[in-house]
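Before any comments, here is the structure.
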Amino acid sequence: MKLIDGKAVAAEIKNNLKHEVDAYRLSSGRSPHLAAILVGDNPASQAYVGNKVKSCGEVGFNSTLIRLDANTSEDALLHQIKLLNEDPDIDGFIVQLPLPDHIDEVKVTLAIDYKKDVDGFHPYNFGRMAQGLPCFLPATPYGITLLLERYNIETAGKHVVVVGRSNIVGTPISILLSRKSKTGDATVTLTHSKTKNLQSILLKADIIIAAIGIPNFIKDDMVSQGAIVIDVGINRIESESYTNGSKLVGDVDFEHVRYKASMITPVPGGVGPMTVVGLMLNTFKAAKKEVYQ
Ligand code: NDP
């Protein structure tokens, strides 16, 4: 079994990006600028946003973190988004999900200027992605394709089974892998909670992409010998037996599946760091006006 080391690949890409950003700063006299809005104090969201802000520093971006109270109204959030849309110094921004229940996520996503939508969640970017047009790819699927590329994982003609159909991971990665492209040309089966006989479908997969949100859901008897397994899940499980009272696990039962898989991503240190890389690359493209003028 070979470990797919997302942490190492992310560090390598960020290091290269830093040099490109240095050159951009010299020629343009400014640094790329990413803003993030965090509503409420969800610990996981705070950690994700913290990593994104830290990565901005590492690659030489400016960053602005806007923290809003959990009781912030939808109108107040939409107003904040309008300010960022109109601020010429902000190249791109994200609104960290999930949002409190009283705020409509769709409305919020639609309010973001698609030219600054560096998370790639706006339907305009999603539609362009589906048609293979220049766009901001959603950060996690983008990161997964970079990992596949870096490890020379052939996708053409392979059977990929994606478990989970969310708008931010499962659905877009299934579209990207099935498109006519370098990390595409796969035959993709998109599965979800209503799928029947998931085990038998998974056993026919050359590549499995798990984005479910259930700790250790994919067991070793669901994976064929030699399959490649990409685990997107990030789940915190608590137990007094862990050093800090909790630990992070994926959607794949790594300890057992690793004996079946030919290649597998760990959690943490697999897809997570690559999501941040996807965001950094999108922000740099936004600063350079590479996708939209
Ligand atoms: P969602 O909750 O939006 O979607 C989960 C999907 O899993 C749904 O499509 C659901 O089906 C499906 N599902 C649930 N139960 C089953 C089941 N028993 N069998 C088959 N499918 C099932 O999750 P996300 O896509 O947002 O996130 C998935 C995981 O990835 C989470 O752990 C999340 O924390 C992690 N994540 C990690 C990121 C990273 O950077 N590494 C980035 C984003 C997410 P249905 O549609 O029928 O309900």
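The values are calculated or read from the model by the stated rules, or taken from the named source; none is laboratory data. These numbers were taken from a predicted model, which means no experiment stands behind them. Counting neighbours? That spans all protein chains shown, and the Cβs are built from the backbone with ideal geometry, glycine included. Keep in mind that these areas ignore ligands, DNA and RNA; they rest on the heavy atoms of the full protein, side chains included. Shrake-Rupley method; radii C 1.70, N 1.55, O 1.52, S 1.80 Å.
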More than 16 Å apart - percent of Cα-Cα pairs taken over region 13-69
47 percent
Between LEU65 and LYS204, with labels modelled 7 Å along Cα→Cβ, what's the label distance in nm to one decimal, could you check?
4.7 nm
Out of every Cα-Cα pair in region 115-203, what percent are more than 16 Å apart?
54 percent
Sticking with the crude label model, points 7 Å out along Cα→Cβ, report the distance from GLU105 to ASP87 in nm, one decimal please.
2.4 nm
Rg(Cα)/(2.2 N^0.38 Å) for region 139-272, N = residue count
1.01
GNM flexibility winner over the chain from VAL106, VAL160, VAL169 (Cα, springs under 10 Å)
VAL106
Please report, largest first and rounded to whole Å, the three semi-axes of the ellipsoid equivalent to region 29-113, where each semi-axis is the square root of five times an eigenvalue of the C-alpha gyration tensor.
22, 16, 9
Subset of LYS182/LYS247; LYS52/LYS288; LYS14/LYS204; LYS107/LYS247 violating a 26 Å alpha-carbon distance limit:
LYS182/LYS247; LYS14/LYS204; LYS107/LYS247
So, R0 is 35 Å and r is the distance between the beta-carbons of SER73 and ASP220; what FRET efficiency does that work out to, to 0.05?
0.15
Using the Kirkwood radius over Cα pairs, work out the Stokes-Einstein diffusion coefficient for the chain at 37 °C and 0.692 mPa s, in µm²/s as a whole number.
166 µm²/s
Helical segments meeting 20 Å axial Cα length and Kyte-Doolittle 0.5 threshold in the chain (DSSP H):
271-287
If you roll a 1.4 Å probe over the chain with all protein chains in place, what percent of the accessible area is carbon or sulfur?
52 percent
Subtracting the Cα-Cα distance from 0.36 nm times the residue separation, let me have the gained length for GLU240 to SER27 in nm, one decimal.
71.3 nm
